[in-house]
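The structure appears right after this line, and notes come after that.
The values are calculated or read from the model by the stated rules, or taken from the named source; none is laboratory data. Quantities reported herein were computed from a predicted structural model and do not represent experimental measurements. Neighbour counts run over all protein chains shown; Cβ positions are idealised from the backbone, glycine included.
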Amino acid sequence: MATAELLVQLTHAAGQTNKVHGSPSPFVNRKIECAGPFFLSHARRILRGRTWSEDEKIEQAANFVATEETEEDDLGDEPEDPQILQHDPKEWKELDLYAALGLSKLRYKATEDQIRRAHRRKVLKHHPDKKAAQGAIDDDRFFKCLQKAFEVLMDPVKRKQFDSVDEGADVPPPENYNSKKLTDEEFIEGWGKFFEAEARFSKIQPVPMLGDMNSSKEEVEAFYKFWFNFDSWRSFEYLDEDVPDDSDNRDNKRHIEKKNKAARAKAKTEDVARLRSMVDAAFSKDPRMKKFRLEEKKEKERLKWEREAESRKAAEEAKKAAEEEAKRKEEEERKAKEQRESQKKNKEAAKNARKKSKRTIKAAAKDADFEVEVESLIEAMDDVQLSDSASKLSDAGDKKAAFVEIARGLVADGKIDASSFPKLLA
Amino acid sequence: MTEDISRTETPLEMPSIVGISFGNKTSSVAVVSRDGSIELIANQDGDRFIPSALSYLNDDEYHGSQALSQLVRNANNTVVNFRDFIGKEYAKIDPTHSARSAHPVESDSKVSYQINGETVSVDTISARHLTRIRDLAADYLGVPVTKAVVAVPSDFTDVQIQALHEIAKTIGLDILQTIKEPVAALIPYTFQSVHPSDKISLVLDIGASRTDGAVIAVRGGLMCILATAHSYDFGGSSLDDILVDFIAKEFEKKYKVDPKSEPRAVAKMYAEAENVKRALSASKTATISIESLASGYDFHMSINRLKFELLARKVFELFTSFADEVVAKSGLDSLQISEIVLAGGTSNIPKISTLLSAKFGELTTVVSPSTSIKAFNTSELIARGCAMQASWISALDADDIQEIMQPSVTVAAHTSKAIGVQLPDNELVVVVEQTTAVPIRKTVVLPGPADDGSVLVSIAEADTEIVSRKIEKPAPSENDDDDDDLDGFEDDEDEEIREIKVKSAASIADIVLEDVKGGSKIEIVINITSKLGMSIAARPVGSSSAVRLETECSLSQ
Ligand SMILES: Nc1ncnc2c1ncn2[C@@H]1O[C@H](COP(=O)(O)OP(=O)(O)OP(=O)(O)O)[C@@H](O)[C@H]1O
Ligand SMILES: [Mg+2]
């Protein structure tokens, strides 16, 4: 029909006009299957009551919305090593099982779930059926390797045996750690990675980690204490020589078993020694240990200084107290002296004032002409009365009346007897 | 030349919604991965086509192939072929295919099994099966799987669909949507391109216990089932029966022992029959090999494809006449079938494609791995289709899905005849195909006359006509490849050449464009709204003024 269409051509009108002649045959209601992207567009048009072109415009605009982001894939996508793909499944002991499954980054850290998924992914890709479909004949080597890897890694015991000798997971100690002085960063970085990898062998988990330059002394000490007493599950069965399965040669079998046992024990001892020497090396060169020793020394000095400072302070204080005491005494004496002097002055002033008052009184008595009795009157008065009387008398016009008033006051106070002053109080 | 205006939509990814094909014999689960490719997920055994089988031994549950292998020794506690029993009354089930495994028993008028002395309902079995399928997907994806699109046969009743939903709910699996198996199978081949072309497809799904067919019209990317047919009497297992009979006879000839008298031997033969069948789909010879079949004798024999095809001839004929039957039910002529999509495990058999190609002729493309290297394994289609559907509806919530499945959306008026532009000699260029749902807008661009003047655009309805010519002597078919076929397989009668002609029938409207430059191209747009208003517009390409006519369409009651 496509070629026929190319030949078709419209013609000129021959007398026809624009005209509707009729309608199509009646339509039939049918069910549309609810599937496919075009059905969704159809549903949208119906439900939103949109016309065809409205719908196109709205949807085109909506399509600019960025495609949704997808969650991170935790397994990653490792390139496949052609050597591993060609690995002889019979030699599976030499195979890097993690790499075969594409888990060479995760290794001992891979969870069972991740192993399962990684395996599934590889199986899907390398299933012999699939290979056969692609034209390869009978190539199930890698598939067999995958099955073996899966079998070993899903069996906790076998997995530990493999992990024990998984060189791919080993992290070497920092380069030249013995000969060269590492910077703090090199030490923390290099040994940190080393111990992190070694920690996988610990029977006790979690394992304290190296930490950093800011780790506390307790932390660092706990770290070395743990590692000096490291209890490792690492074992070396994986390296066993295969024990022959023939019952004829039982001696040989026993011999190999014995050899294997000895080899395992030897490897284990060597491994313990190896780790111990590493811990020793790290410990002896740990810049933080040096830092802590330095800090300790400083602390001691500080404590000593503090202790000494106390007695120094006591002496100083005693001296200061003595000085203050002396000063206080001096002051006291000075004050006493001042007081004494001022008392003397006061006394003298009083004496003078008294003299002055007496003089004034006597002069007034002379004026009032009763000198005879005035002596006794003066005798009867205290200092205050004397000065009062003196000022009264010096101001008074009528000296006699003033005297009389003073004398009456004294009588009222009971200081004198009126009969003793006949002249004045007649 | 017709240009489809339907929108471009690329499938979006949504890794945690899976598509599940749940067959009586086999199930698969698929997902649209991030790069848009579709992955069929394999289980721990590396199987992507996972036998729908569960077996119970002591306290262990076996699933898939591992359960199938229990059929030899532990048949009574091994359940197979249970999908069709879901949501059915015991009285209405056909237990034929459970003869060599745990027998269905009645419990509460529903279907159950006696497993290790306990009554286990088909719902429980199905729930376990779905759990295993879900878990293997979740394992692979690394995220919990809680949502799925599941395919069901097109004859599954609403009650059965509801029952399936309930079963899935018990294991925390939300079936967002069920789609019909033939629809699912059609999806992968239809939505590969951005603009799916209009076509009429026959989906032929030959499974194990049953054979299903559906004629589906695809119009503007919308799918409408025109007819379905189902046979529960033949399928892949009929071929197993034939092979088992063959093996038994050969064995008896040799050792004078009838292996069919021994249930274990029968189980072994059936298992091997399936292997051999599969092997013969991939290569031309296969070996039948059964250790200790009966009375301690092993059985070894090689068989070639030709021999198998001879043995299976009757069953193959059932398949091809079944295809005819479905087409007849749709009211169409086989010439109107643009493609046959082969689905179901048994459809992998190359001979089935060959026979159908011969039967339907050149106008029909048979899509299967043996006819096209780009075709998918026929067993994958349904799961693939479900996964694609899952990705398309991943952005919708349950309410949205309810909304789009309501009749006001899914029931639409469809054209009953094609509408197009009439040309001289009553030829017609189809613009809107027969059985197209409204609303629809279709555009066609046709060349106008070579010289200046008016242009006539005459719109008419189409009639299809089948013309047949008899050819006297049948020419020997040359296009068949080397395996010179079984004579008499195809009809030897007078050969007929049949052709389909599209003729314009009733005229709908004329549009006359005046003063058009010679050699112009004319764009014609036919638009029919959901309210059945029809507009026809024509204009020279590049011109801004169009002539437009309107008319109303009616709906038959
Ligand atoms: N490559 C193949 N060649 C031939 N036959 C095959 C092939 N693969 C699978 N089969 C057969 O296909 C059948 C299974 O098909 P399928 O998985 O479509 O069935 P189903 O839909 O689960 O079952 P049912 O039709 O009973 O509901 C089995 O009989 C199986 O032997
Ligand atoms: Mg099926």
statement: Pairs returned, first residue in the range B:176-202 that is under 12 Å from A:ALA35 (Cα atoms), second residue that is among the basic types (Lys, Arg) and crowded, with 23+ Cβ neighbours inside 10 Å, beta-carbon separation under 7 angstrom, 6 or more apart or interchain, are B:PRO188/B:ARG384
- prompt: Which ones in the range B:130-183 are assigned to a helix (DSSP H, G or I), within 16 Å of ligand 2 (Cβ to nearest atom) and within 11 Å of chain A (Cβ to nearest Cβ)?
  reply: B:PRO182, B:VAL183
query: Any chance the range B:189-198 includes a residue that's more than 16 Å from ligand 2 (Cβ to nearest atom), more than 24 Å from the chain's Cα centre (by Cα) and at pLDDT below 95?
result: no
- request: Within the range B:400-431, track down each residue that is at the interface with chain A (Cβ under 9 Å from one of its Cβ atoms), outside any loop (DSSP other than H, G, I, E, B) and either of a type in the set (Val, Ile, Thr) or more than 28 Å from B:LEU176 (Cα to Cα) (or both).
  value: B:ILE401, B:ILE404, B:VAL409, B:THR410, B:VAL411, B:ILE419, B:VAL421, B:PRO424, B:GLU427, B:VAL429, B:VAL430
Options A:ARG44, A:ARG48: the member that is more than 7 Å from every other protein chain (Cβ to nearest Cβ), surrounded by 14 or more Cβ atoms within 10 Å (Cβ to Cβ) and modelled with pLDDT under 85: A:ARG44
- prompt: Do we find that B:VAL80 is within 16 Å of ligand 2 (Cβ to nearest atom) and either assigned by TED's automatic domain parsing to the domain that holds B:ALA163 or under 26 Å from B:LYS268 (Cβ atoms) (or both) in this structure?
  reply: yes
task: Can you work out which of the residues in the range B:208-250 that are buried (at least 23 other Cβ atoms within 10 Å of the Cβ) and within 12 Å of the chain's Cα centre (by Cα) is farthest from the other protein chains (Cβ to nearest Cβ)?
output: B:THR211
field: Only one of B:THR157, B:THR178 that is at pLDDT 95 or above, in contact with a His (Cβ under 9 Å, 6 or more places away or on another chain) and assigned by TED's automatic domain parsing to the domain that holds B:ALA398
entry: B:THR178
- request: Starting from the range B:20-33, keep only residues that are more than 19 Å from B:PHE191 (Cα to Cα), then list their pairs with residues that are near ligand 1 (Cβ under 8 Å from one of its atoms) and among the hydrophobic types (A, V, I, L, M, F, W, C) whose Cβ atoms are within a distance under 7 Å, requiring at least 6 positions of separation or different chains.
  value: B:ASN24/B:ALA208; B:LYS25/B:ALA208; B:THR26/B:PHE49; B:SER28/B:PHE49
query: Looking only at helices (runs of 4 or more DSSP H) that fall completely inside the range A:69-177, which ones have 2 or more residues that are touching a helix residue (DSSP H, G or I) at 6+ places or on another chain (Cβ under 6 Å) and modelled with pLDDT of 85 or more?
result: A:82-85, A:97-100, A:112-126, A:141-154, A:156-164
message: Going through B:VAL432, B:VAL409 one at a time, which residue ends up being surrounded by fewer than 22 Cβ atoms within 10 Å (Cβ to Cβ) and not basic (Lys, Arg)?
response: B:VAL409
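Yes/no matrix, rows are residues, columns are (1) assigned to a helix (DSSP H, G or I); (2) modelled with pLDDT of 90 or more:
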| residue | (1), (2) |
| --- | --- |
| A:ARG234 | no, yes |
| A:ASP245 | no, no |
| A:ASP248 | no, no |
| A:LYS268 | yes, yes |
| A:GLU310 | yes, no |
query: Could we say that B:LYS314 is away from chain A (no Cβ under 14 Å), out of contact with any Leu (no Cβ under 8 Å at 6 or more places or on another chain), under 30 Å from B:LYS253 (Cβ atoms) and within 16 Å of ligand 1 (Cβ to nearest atom) here?
result: no
- request: Read through the list (1) within 16 Å of ligand 1 (Cβ to nearest atom); (2) under 24 Å from B:ASP47 (Cβ atoms); (3) surrounded by fewer than 24 Cβ atoms within 10 Å (Cβ to Cβ); (4) among the charged types (D, E, K, R), then give the number of the only condition that B:LYS147 fails.
  value: (1)
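To keep it simple, each residue is scored yes or no on (1) under 52 Å from the mean Cα position of the chain (by Cα); (2) under 30 Å from A:LYS225 (Cα atoms).
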| residue | (1), (2) |
| --- | --- |
| A:LYS268 | yes, yes |
| A:ALA282 | yes, yes |
| A:LYS297 | yes, yes |
| A:ALA321 | yes, no |
| A:ALA336 | no, no |
| A:ASN346 | no, no |
| A:ARG354 | no, no |
- prompt: Is the range B:376-389 home to any residue that is part of a loop (DSSP other than H, G, I, E, B), without any contact (Cβ under 8 Å) to a residue 24 or more places away in the chain, within 16 Å of ligand 1 (Cβ to nearest atom) and surrounded by 19 or more Cβ atoms within 10 Å (Cβ to Cβ)?
  reply: no
task: Please indicate, with yes or no, whether at least one residue in the range B:200-217 is under 29 Å from B:ALA398 (Cβ atoms), away from ligand 2 (no atom under 16 Å from the Cβ) and hydroxyl-bearing (Ser, Thr, Tyr).
output: no
- prompt: Across the range B:328-353, which residue is farthest from ligand 2 (Cβ to nearest atom) among those that are hydrophobic (A, V, I, L, M, F, W, C) and in contact with a strand residue (DSSP E or B) (Cβ under 6 Å, 6 or more places away or on another chain)?
  reply: B:LEU335
- prompt: So which pairs qualify, if the first residue must be in the range A:346-370 and closer than 17 Å to A:SER394 by Cβ and without any contact (Cβ under 8 Å) to a residue 12 or more places away in the chain, the second must be of a type in the set (A, V, I, L, M, F, W, C) and in a helix (DSSP H, G or I), the Cβ gap must be under 8 Å, and the two must be at least 6 apart or on different chains?
  reply: none
- prompt: Considering only residues of the range B:81-95 that are farther than 12 Å from B:ALA208 by Cα and not charged (D, E, K, R), which is surrounded by the most Cβ atoms within 10 Å (Cβ to Cβ)?
  reply: B:PHE85
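Let's see how each residue does on (1) touching a helix residue (DSSP H, G or I) at 6+ places or on another chain (Cβ under 9 Å); (2) aliphatic (A, V, I, L, M):
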{"position": "A:ASN229", "(1), (2)": "no, no"}
{"position": "A:TYR238", "(1), (2)": "yes, no"}
{"position": "A:ASP251", "(1), (2)": "no, no"}
{"position": "A:ALA265", "(1), (2)": "no, yes"}
{"position": "A:LYS268", "(1), (2)": "no, no"}
{"position": "A:LYS290", "(1), (2)": "no, no"}
{"position": "A:ARG293", "(1), (2)": "no, no"}
- prompt: In this structure, is A:SER277 over 30 Å from A:GLU189 (Cβ atoms) and hydroxyl-bearing (Ser, Thr, Tyr)?
  reply: no
- prompt: Hey, does the range B:218-240 have a residue that's of a type in the set (Asp, Glu), within 20 Å of B:PHE319 (Cβ to Cβ), more than 16 Å from ligand 2 (Cβ to nearest atom) and touching a Phe, Trp or Tyr at 6+ places or on another chain (Cβ under 9 Å)?
  reply: no
task: With the checklist (1) modelled with pLDDT of 95 or more; (2) under 21 Å from the mean Cα position of the chain (by Cα); (3) away from ligand 2 (no atom under 16 Å from the Cβ) in hand, flag the one item B:SER52 doesn't pass.
output: (3)
